[in-house]
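The values are calculated or read from the model by the stated rules, or taken from the named source; none is laboratory data. Values in this document were obtained by computation on a predicted structure and should not be read as measured data. When we count neighbours, we look across all protein chains shown, and the Cβ atoms used for this are built from the backbone with ideal geometry, even at glycine.
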Amino acid sequence: MMDNLRAAANHVVLKIILALIILSFVLTGVGNYLIGGSGDYAAKVNGQTIERAQLEQAFQSERSRMQQQLGDQFSALAGNEGYMQQMRRQVLSQLIDNMLLDQYAKKLGLAVSDDQIKDAIRKAPYFQTNGQFDNAKYLDLIGRMGYTADNFAQSMRQQLVNQQVIQAFGESGFVLPSESQAMAALVLQERDVRLATIDLKALQAKQSAGDDELKAYYDQNKNSFIAPEQVKVSYIPLDAASMQDKVKVSEEDISAYYDQHKSSYGQPERKNYSVIQLKTEAEANAALDELKKGADFAALAKEKSTDIISRRTGGELGWLEPETTADELKQANLTEKGQLSGVVKSSVGFLIVRLNDI
């Protein structure tokens with residue numbers, strides 16, 4: 001659903017709709033917003049604030065989404081401070097747009113019930129396993145995005161209400177004055193006509209054609225006398241549900257089938273890493289010595305890491321599958337929980353890697 005809303009916001013017509021909504025706020029004297037400076041908020045929209053914590057959570061969620069989408073390529077982008085600042089501005093702009101939509105929805109009296117939110121979550125395909133809602137998968141995914149169940153539900157409520165606003169405008173119709181004038185001219189126009197009745201039977205009686213003429217006409221128009229190819233089919237309907245009781249499968253058969261198809265029932269190994277990124281090898285060696293002496297990894301990452309993204313989370317990168325794991329992390333070759341790497345050289349400096357969990 002989040003992807004659908006993002007796609008909808010990029011549609012030209014809906015951009016115009018959003019602009020009209022925002023313009024309506026301007027014309028009523030409440031259409032301004034302020035970007036927070038040194039205050040406790042990131043932006044203020046018509047007196048309503050977007051907290052810095054809210055911006056940070058949305059930014060981390062977008063970062064996680066981009067990391068899953070781009071894999072190793074995102075590591076290079078994450079090291080570009082200008083790119084990350086641009087991403088943060090885009091996230092803030094999206095939050096402002098959402099808040100304007102939310103305020104307009106409240107002005108219209110739109111609301112979403114708890115049951116509608118539950119239904120939307122249960123129907124989301126990325127929270128399902130084999131077509132059924134998977135609560136463990138749901139909690140895992142929203143946890144990776146930095147949400148709890150309560151604040152994710154609140155986010156869904158806002159998105160569903162905003163979607164009502166978009167649909168209310170996108171699915172409504174209106175007629176321009178020029179269109180109504182053209183329609184009226186079409187309906188009210190007049191024509192002078194004359195009618196002639198042709199007696200086909202009388203004409204047919206006057207016509208004559210020999211066999212040669214008929215054959216010549218047929219040869220010239222064969223395609224007009226060809227019928228589409230037809231087939232006669234017999235079939236037997238097979239309903240898996242009705243046949244289920246007639247099939248007997250032993251435990252040995254099930255075990256043998258599982259052994260032959262183990263790859264279909266497994267999932268790639270995932271690892272949870274934390275990193276400390278430093279500019280020089282000397283700095284990295286000094287930090288590694290502190291860790292070996294018992295220093296807290298998360299505290300040291302927040303204090304010294306040059307990676308502005310992972311530094312805020314104590315160096316933690318979250319759960320990664322092999323195809324989304326950077327080569328530098330793989331080179332560390334960590335196999336046990338809590339294991340520390342040595343100093344690993346990377347394209348953005350020098351890393352110290354810890355394997356948190358498997």
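Structure values in brief
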{"quantity": "Enumeration of residues in segment 226-260 that are out of contact with any helix residue (DSSP H, G or I) (no Cβ under 9 Å at 6 or more places or on another chain) and either within 30 Å of Asp327 (Cα to Cα) or among the hydrophobic types (A, V, I, L, M, F, W, C) (or both)", "calculated": "Ile226, Ala227, Val231, Val233, Ile236, Leu238, Ala240, Ala241, Met243, Val247, Ile254, Ala256"}
{"quantity": "Members of segment 317-350 found to be outside any loop (DSSP other than H, G, I, E, B) and closer than 18 Å to Gly294 by Cα, listed by number", "calculated": "Leu340, Ser341, Gly342, Val343"}
{"quantity": "Flag for Pro177 being exposed (fewer than 10 other Cβ atoms within 10 Å of the Cβ) and either closer than 30 Å to Leu108 by Cα or modelled with pLDDT under 80 (or both)", "calculated": "yes"}
{"quantity": "Verdict on Gln267 being without any contact (Cβ under 8 Å) to a residue 60 or more places away in the chain, surrounded by fewer than 15 Cβ atoms within 10 Å (Cβ to Cβ) and closer than 21 Å to Glu336 by Cα", "calculated": "yes"}
{"quantity": "Count of segment 58-94 residues which are part of a helix (DSSP H, G or I) and over 17 Å from the mean Cα position of the chain (by Cα)", "calculated": "16"}
{"quantity": "Residues of segment 113-130 satisfying the condition of being in a helix (DSSP H, G or I) and either modelled with pLDDT of 85 or more or more than 20 Å from Ala58 (Cα to Cα) (or both)", "calculated": "Asp114, Asp115, Gln116, Ile117, Lys118, Asp119, Ala120, Ile121, Arg122, Lys123, Pro125, Phe127"}
{"quantity": "Qualifying residue in segment 330-350 (condition: closer than 30 Å to Gln85 by Cβ, exposed (fewer than 12 other Cβ atoms within 10 Å of the Cβ) and polar (S, T, N, Q))", "calculated": "yes"}
{"quantity": "So Ser305, is it under 13 Å from Val275 (Cα atoms) and at pLDDT 85 or above", "calculated": "yes"}
{"quantity": "Complete set of residues in segment 121-167 that are among the hydrophobic types (A, V, I, L, M, F, W, C), farther than 19 Å from Met66 by Cα and in contact (Cβ under 8 Å) with a residue 24 or more places away in the chain", "calculated": "Ile121, Ala124, Ala153, Met156, Leu160, Val161, Val165, Ile166"}
{"quantity": "Check on Leu110, in a loop (DSSP other than H, G, I, E, B) and among the hydrophobic types (A, V, I, L, M, F, W, C)", "calculated": "yes"}
{"quantity": "Residue within segment 275-291 that is surrounded by 10 or more Cβ atoms within 10 Å (Cβ to Cβ), in contact with a Leu (Cβ under 9 Å, 6 or more places away or on another chain) and of a type in the set (Val, Ile, Thr) present", "calculated": "yes"}
{"quantity": "Entirely in segment 232-313, the helices (runs of 4 or more DSSP H) that have 3 or more residues that are farther than 21 Å from Ala78 by Cα", "calculated": "240-243, 251-260, 262-265, 281-292"}
{"quantity": "Cross-chain or 6+ apart pairs with Cβ under 9 Å, segment 91-113 first and surrounded by fewer than 19 Cβ atoms within 10 Å (Cβ to Cβ), then assigned to a helix (DSSP H, G or I) and among the acidic types (Asp, Glu)", "calculated": "Gln94/Glu62"}
{"quantity": "Failed item, numbered, when Val343 is tested on (1) farther than 27 Å from Arg88 by Cβ; (2) out of contact with any helix residue (DSSP H, G or I) (no Cβ under 6 Å at 6 or more places or on another chain)", "calculated": "(2)"}
